[in-house]
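Here the structure comes first, spelled out in structure tokens, and everything after it is commentary.
The values are calculated or read from the model by the stated rules, or taken from the named source; none is laboratory data. Predicted model, so just to flag it, every value in this text is computed and none were measured. Ideal geometry is used to build each Cβ from the backbone, glycine not excepted, and the neighbour counts take in all protein chains shown. Remember, those area values only see protein heavy atoms, side chains included, never the ligands or the DNA or RNA. Shrake-Rupley method; radii C 1.70, N 1.55, O 1.52, S 1.80 Å.
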Amino acid sequence: MIDIIIADDHELFAEGLETLLASTGEYNVVEKVTDGKKLIQALNKFTPQLILLDINMPYLSGTDAAVMIRKRHADMKIAFITMYDDHKILSFCKANGINGYLLKHTKASELKIALQQIIRGEYVYTTHTPTEPADIHENVFEESFARKLKLSKREIEIISLIKKGYSSKEIAGKLFLSGFTVETHRKNIFRKLQVSSVGALIQFANQYQL
């Protein structure tokens, strides 16, 4: 049995993944955690062969947690399971010895094969984006990433103001919008980025340069 820790703040997804892994009879999920800090703490108690983690998590992102884990546990297998298919994440994985980069829409049969490969010591990246696109600049990345998340220009503008510490009322005054309109935008932003707090939103926005 392969011991696994799942780190994902979407508990329904984590539970579904645990059920899928249990059905194979090959994996034992020793712990499920909902943020990066809890993941690091769990490693004081467990020494899994494989960690499956999301990239966007509260308190400590998946990327930051992965870097910390890799420094402390050189042989531990680490794989991201994420909704984000992006060349920068792929480059990060290759630069930091991350064993797997798997997308959440991967079929269950493909996921099982990928995990077997990772356990064997192979590096498995299911992303469909190129590693080194021609002439990539930060503003190009920002625009393309925003398009992938289906963020409008107004939503990006509001994210920028939230990062600067403006309240919804202040944002409404600054952009000449109603309070209701700003709150609607905020709800849509939180839904699209799959975050549940302003702190997590700011962390995500900083990480992906929104």
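Points worth noting:
- ³J(HN,Hα) computed for each position of the range 31-37 - Karplus, 6.51 cos²θ - 1.76 cosθ + 1.60, integer Hz, glycine/proline x: 6, 10, 10, 10, 7, x, 5
- Summing charges over neighbours of LYS77, with a neighbour being any other residue whose Cβ is under 12 Å away from its Cβ, gives -1 when K and R count +1 and D and E count -1.
- For the range 1-22 versus the range 52-120, the gap between their alpha-carbon centres in whole angstrom: 14
- For the chain, alpha-carbon Rg and Dmax in angstrom: 18.3, 59
- Fraction of accessible area attributable to carbon and sulfur, the chain (%, probe 1.4 Å): 53
- Proximal lysines relative to LYS45, as straight alpha-carbon distance under 20 Å, when same-chain residues fewer than 8 apart are discounted: LYS32, LYS37, LYS71, LYS77
- Computed over protein heavy atoms with a 1.4 Å probe, the accessible surface of the range 163-204 works out to 59 Å² per residue.
- Sequence ranges 174-185, 70-81, ranked by mean other-Cβ count within 10 angstrom, highest first: 70-81, 174-185
- Bridgeable lysines around LYS150 (alpha carbons under 24 Å apart, same-chain partners fewer than 8 residues away excluded): LYS88, LYS104, LYS107, LYS163, LYS164, LYS174, LYS187, LYS192.
- For the range 1-94, alpha-carbon Rg over 2.2 N^0.38 Å: 1.01
- Beyond 14 Å, the tail of the calculated P(r) for the range 151-210 holds 49 percent of the Cα pairs.
- Only one residue of ILE98, HIS10, LEU50 has its Cα farthest out toward the positive end of the dipole of the range 1-113, where Lys and Arg carry +1 and Asp and Glu -1 on Cβ, and that residue is ILE98.
- Principal-axis tilt of helix 11-24 within the chain, Cα atoms, nearest 10 degrees: 20
- Å² per residue, accessible surface of the range 1-120 at 1.4 Å: 45
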